[in-house]
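Following: one structure in structure tokens, then a few remarks.
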């Protein structure tokens, strides 16, 4: 877990460290969609989506821990992006095959987005319909890109992080961590190791989440 020595990253992505997740875990194939969220809002349970979903289904849902999220995002890889470098088969930039991100499409439609963009076009300026991009090797879609995903952890330093895959809950809990980058983000923020702390009450059109469930 964390960025490697030859990977350009923020200091809070280090030190790279080993984590052992010894429990069976189910991870949502997709991020929670607008329709799923709207159903929760209609039920008057917007302040506790996972609690509402658990009560509705009889199964126990929660947010992923940061370690679980990175394990799921990497899908067995150690490169900065789970698809490897920026180029895929036939010279097609891989980023636009696997992730909805800031690219040439959003550069055209949002000229105020002046930061570095991927050198390809994914045809989406904002969030994309479910299943628009290829999944990673674990069969999970949009682990990088589309929306940044809240995880359960408080803001903290990796030197103090749990090594069993549980969430870090003794840090600065007025700030929580979002992972994975979103449609608004360029290559640096889409890396598997990138961490983005935000105030716990932060709301933004490029931030969402997916759910997890312990299987035993």
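The values are calculated or read from the model by the stated rules, or taken from the named source; none is laboratory data. Bear in mind the structure is a predicted one, so any value in this text is a computation, not a measurement. In this analysis, Cβ positions are derived from the backbone assuming ideal geometry, glycine residues included, and neighbour counts consider all displayed protein chains.
Could you grab me the full set of residues in the range 49-59 that are part of a helix (DSSP H, G or I) and exposed (fewer than 11 other Cβ atoms within 10 Å of the Cβ)?
Filtering the range 49-59 for residues part of a helix (DSSP H, G or I) gives 49-57.
57, the sole residue that qualifies.
Of the residues making up the range 115-168, those that are surrounded by fewer than 15 Cβ atoms within 10 Å (Cβ to Cβ) and closer than 28 Å to residue 14 by Cβ are 115, 116, 119, 137, 157, 159, 160, 163, 164. The residues listed here are 145, 139; of these, the one that is under 19 Å from residue 211 (Cβ atoms) and touching a helix residue (DSSP H, G or I) at 6+ places or on another chain (Cβ under 8 Å) is 145.
Quick test for you: out of 22, 46, 67, pick the one residue that is in a loop (DSSP other than H, G, I, E, B) and touching a residue at least 24 places away in the same chain (Cβ under 8 Å). Steps first, please.
On the way: 46 fails: touching a residue at least 24 places away in the same chain (Cβ under 8 Å); 67 fails: in a loop (DSSP other than H, G, I, E, B).
Among 22, 46, 67, only 22 is in a loop (DSSP other than H, G, I, E, B) and touching a residue at least 24 places away in the same chain (Cβ under 8 Å).
Take the residues in the range 192-203 that are outside any strand (DSSP E or B) and in contact with a helix residue (DSSP H, G or I) (Cβ under 8 Å, 6 or more places away or on another chain), then tell me which one is farthest from residue 73 (Cα to Cα). Once the filter is applied, the top-ranked residue is 194.
Would you tally the residues in the range 70-86 being over 15 Å from the mean Cα position of the chain (by Cα) and part of a loop (DSSP other than H, G, I, E, B)? Explain how you work it out, then say what you get.
Taking the range 70-86 and keeping what is over 15 Å from the mean Cα position of the chain (by Cα), we get 76-79, 84-86.
Filter again for part of a loop (DSSP other than H, G, I, E, B), leaving 76-79, 85-86.
Number of matching residues: 6.
When restricted to residues that are more than 19 Å from residue 70 (Cα to Cα) and in contact (Cβ under 8 Å) with a residue 40 or more places away in the chain, the range 124-173 contains 7. As for the range 153-170, it holds at least one residue that is part of a strand (DSSP E or B) and either within 27 Å of residue 95 (Cβ to Cβ) or out of contact with any strand residue (DSSP E or B) (no Cβ under 7 Å at 6 or more places or on another chain) (or both).
Is it the case, given these coordinates, that residue 199 is closer than 22 Å to residue 49 by Cα and modelled with pLDDT of 95 or more? Judged against the criteria, residue 199 is a match. Is it true that residue 181 is at pLDDT 95 or above, more than 25 Å from residue 16 (Cα to Cα) and either surrounded by fewer than 21 Cβ atoms within 10 Å (Cβ to Cβ) or in contact with a helix residue (DSSP H, G or I) (Cβ under 7 Å, 6 or more places away or on another chain) (or both)? Answer is no for this residue.
In the set (1) buried (at least 16 other Cβ atoms within 10 Å of the Cβ); (2) touching a strand residue (DSSP E or B) at 6+ places or on another chain (Cβ under 8 Å), the condition left unmet by residue 200 is number (1).
The listed residues are 216, 176, and the only one of them that is in contact (Cβ under 8 Å) with a residue 24 or more places away in the chain and part of a strand (DSSP E or B) turns out to be 176.
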